[in-house]
Amino acid sequence: MMRRHNDDMRTTIDLDPQALKVAKSAARARKVSLGKIFSEALLQVYAPNATKKARIVVDEFGFPTLDIGRLITYEEVKAFLEDED
């Protein structure tokens with residue numbers, strides 16, 4: 001018997017038939033539920049930092065860097081610096 005987490009919820013949504021086909025295929029291949037496939041996909045697209053933990057790694061030149069799972073763009077840095085003023 002599979003137990004759901006207390007914060008899991010059930011809902012009904014209308015999906016594009018192609019999206020459902022892709023999701024079912026991915027769920028079968030990974031042996032996980034459709035809910036897990038959709039949850040991971042939504043979090044990856046709309047909250048990418050929420051699903052990955054930052055870690056410190058050493059780059060190929062020997063410098064420690066903070067890996068947040070994606071590149072930070074020049075525009076993001078510029079916006080951050082402007083907000084600091």
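Read-outs throughout are calculated quantities, based only on the coordinates presented, and are distinct from any laboratory measurement. From a predicted model like this one, the values you see are computed outputs, not experimental measurements.
Could you give the semi-axes, largest first, of the ellipsoid that matches segment 17-84, computed as the square roots of 5 times the alpha carbon gyration tensor eigenvalues and rounded to whole Å?
33, 17, 10
On a full-extension model of 0.36 nm per residue, what is the gain between Leu15 and Thr73, subtracting their alpha-carbon distance, rounded to one decimal in nm?
Between Leu15 and Thr73, full extension yields 17.6 nm more.
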